[in-house]
Amino acid sequence: MRKYINFIGSAFLLIFMLSGCSETTLLTEDPTSTDLQSRSIESPDYYWYKGEKIPVTKNAEKEYILIRSTDEQSILTRSSGITVLQQPQTVTLSNKIRRKAKAVSEDIKWAIVESMTNNDSNPNILYQAPSFTSKSGEEMFLGHLFYVKLKSQDDLAKLENLAESENAEIIGNNEFMPLWYTLSCSKESTGNALELANKFYETGFFSSCQPDFICDDKINNSVNDPLYPSQWGLENTGQNGGTAGIDIKLSNARNITTGSNDIIVAVLDQGVELSHPDLNIYSKSYDTESGSSPSIIRGNHGTACAGIIGAKTNNNLGVAGIAPNCPLMSISNSLAGTSDSRQKRADGFNYAWKNGASVISNSWSSSVQYEILDDAISAALTNGRNGLGCVVVFASGNDNGSVSYPANSNPDILTVGAMSPCGQRKSPTSCDGESWWGSNYGTTLDVVAPGVLITTTDRTGSAGYTTGDYMSNFNGTSSACPHVAGVAALVLSVNPNLNQKQVADIIEKTAQKVGGYNYSTTSGRSNGTWNNEMGYGLVNAFAAVSGIVEFSNQTVSTNKTVSGSDIISTNVTVNNHAKLIFNFTNSITITKPFTVEQGAQIEFNY
């Protein structure tokens, strides 16, 4: 095993973020110039994401249309010749958009219809756009909104001038991320949302420009089997044909900590049942769809995820959570294809870190990559916990292929795959017998956790997946992700001064090499041996919390020895003639200020 001594602060790495630009360089700073307006778009069948063109395929069968609510009955009747495929829904925007004074606010709805001839002559259809298929095969509908990120607030005039010239309306900017602006298209605009987003981005004036694709995001679980009340993931005795001992080693970890009331775990999902008798619920919650508190139940999925993390223990009721003393913050979102859904999801991250969340658990993936979502995740990773950063945990996905987005979007995200009761990557051929799904894997996978036949909380009564308050067949990487979120909460409960990277490092370094896979030294993977299907291995709660030792804010005047698996030290002075000895078995991280005076000694033993 490799040993690590990390000195932080003696050198600095400066990272410059350069905005992507297209092959064509515009030599004008005037966004209303003739050159810009007359320039043809290379192809509308792509969008820009982090400076790269992401291809999409246009569909001929379906369209997105925008109508006024008052015209709904007359325009969508059979006599109108329009065939409705998805009933009209009210357009609701993120509550965190600071609207411009001129922004139009009217009661409008969107619908999905069979493709029709151009309806420029129909004044009741405000906008129409084709549907597309993503490169991974998901159906996407092109809404009327698109998002623009300024390089600085000084560029607002460029956005205003360009929007005016293209007949696009600036609705406003995001309160949490003020460089992000939301714009709206209509039939009077010079293009649809995809065309204008591309056109705006290819000016080179803006950091990001992306259309609002409407598509149902994946919820990473596979629920199918009858209840079986046994939490093998916490202590595996061979249930479900599994291998005894293949679990997250929670029993011993509980002797050290069951969590802290100060470590809050946000569950960004379809909402957690706030009144569930077996859940430790935090006082603050948020609904991203309405932009208000409390959160709202928008499906069954969130309550099942929450129980794995924070179900109460020793209360003679239901199941046991991994971190039962850590309160659960419910952040509700539909996780469905609705207008402005990704910005609302981004609002959820921003609400979580701004309101005290230490860990954010995400058991979902998105069919489309969005920089507005990336920025919100980065804000949580960077700004949460007063600059120490939130630990952001994502499910890898259930397609038996490569890791899904957003789990693959940021190296600081803890990406979690699912494991069978036999210690295998959950696949169509793993020992659990569920042949219809497999855990995603690949270069961005970090660890695995139990992810099939998981017993957890359900919505009470008949409202949830089952007719009771619990279920025993919650599956998918959706169930694996909260196992790791719970362990991260335990690690922070032991040492709340760790930054998010240190928490991730500890979880990765202490993972169990299970399943007989070939774990090997891998470039870019510095926390031990790694495998393409299992990451660093099965998360180990006991090892993660048992070996953390912090030695900080100390003045050493006499000889001192500090021992532990992983040692973290900062703000230490070793006085003249004193000796400080560090004994460690895995890693030591030293962050300045750290002073060893002349005549003093420091020794590292491993």
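Give a residue-ordered list of calculated ³J(HN,Hα) values for segment 300-306 (Karplus: 6.51 cos²θ - 1.76 cosθ + 1.60, θ = phi - 60°; whole Hz; x for Gly, Pro).
8, 5, x, 5, 5, 5, 5
If exposed GluC sites (Glu not before Pro) are those in a DSSP loop with at most 15 other Cβ within 10 Å, what is the longest stretch of the chain that has none?
Looking at the chain, 189-596 is the longest stretch - no exposed GluC sites (Glu not before Pro) with at most 15 other Cβ atoms within 10 Å.
Dividing the alpha-carbon radius of gyration of segment 522-606 by 2.2 N^0.38 Å (N being the number of residues), what value is obtained?
Compared with the compact-globule rule of thumb, segment 522-606 sits at 1.33.
Pick out, in residue order, every one of the trypsin sites (Lys or Arg not before Pro) in segment 281-362 that is DSSP loop and has at most 14 other C-beta atoms within 10 Å; say none if there are none.
Loop-located and lightly packed - none at all.
Per the Cauchy relation, a quarter of the hull surface: what is the mean projected area of the convex hull of the alpha carbons in segment 213-338, in nm²?
9.3
Could you give the distance between the Cα centres of segment 405-466 and segment 224-299, to the whole Å?
For segment 405-466 versus segment 224-299, the Cα centre distance is 14 Å.
Provide the per residue accessible area, probe 1.4 Å, for segment 342-487, rounded to a whole number of square angstrom.
On a per-residue basis, 22 Å².
Given segment 356-512, what percent of its DSSP beta bridges are antiparallel, to the nearest 5?
25
Over the residues of segment 236-282, compute the C-alpha Rg and express it relative to 2.2 N^0.38 Å.
Taking N as the residue count of segment 236-282, the ratio is 1.59.
When only alpha-carbon atoms are used, what values of Rg and Dmax, in angstrom, describe segment 459-606?
20.4, 72
Based on C-alpha coordinates, I'd like the Rg and Dmax of the chain, in Å.
My reading of the Cα-based Rg and Dmax gives 26.0, 94 Å.
How fast does segment 471-545 diffuse by Stokes-Einstein, in µm²/s, taking the Kirkwood radius from C-alpha pairs at 10 °C and 1.306 mPa s?
So the translational diffusion coefficient is about 120 µm²/s.
Apply the Debye scattering formula to segment 314-382, with a single equal point scatterer on each alpha-carbon and no solvent, then give log10 I(q)/I(0) at q = 0.14, 0.19, 0.29 Å⁻¹.
Result of the Debye calculation: -0.52, -0.81, -1.46.
When the dipole is taken about the Cα centre of segment 252-311, and only Lys, Arg (+1) and Asp, Glu (-1) are charged at their Cβ, what size is it in debye, to the nearest 20?
140
Explain nothing, just the number: dipole magnitude of the chain about its Cα centre with +1 on each Lys and Arg Cβ and -1 on each Asp and Glu Cβ, in debye rounded to the nearest 20.
1720
Run down the lysines and flag those whose C-alpha is under 19 Å from the C-alpha of Lys509, throwing out any fewer than 8 positions away in its chain.
Lys3, Lys249, Lys501
Please report the antiparallel percentage of DSSP beta bridges with both residues in the chain, rounded to the nearest 5.
Expressed as a percentage, antiparallel bridges in the chain total about 50.
Can you tell me the relative contact order of the chain? Whole percent, Cα pairs under 8 Å, sequence separation 6 or more.
Here the relative contact order equals 13 percent.
Under the rule of -39500 (n - 2.57) per DSSP H run of 4 or more residues, summed and divided by the residues of the chain, what mean residue ellipticity at 222 nm is obtained, to the nearest 500 deg cm²/dmol?
Taken over the chain, the calculation gives -5000 deg cm²/dmol.
The values are calculated or read from the model by the stated rules, or taken from the named source; none is laboratory data. Remember, it's a predicted structure, so these values are computed and weren't measured experimentally. For neighbour counting, all protein chains shown are included, and Cβ atoms are generated from backbone atoms with ideal geometry for every residue, glycine included. These area figures cover heavy atoms from the full protein model, side chains too; ligands, DNA and RNA do not enter into them. Shrake-Rupley method; radii C 1.70, N 1.55, O 1.52, S 1.80 Å.
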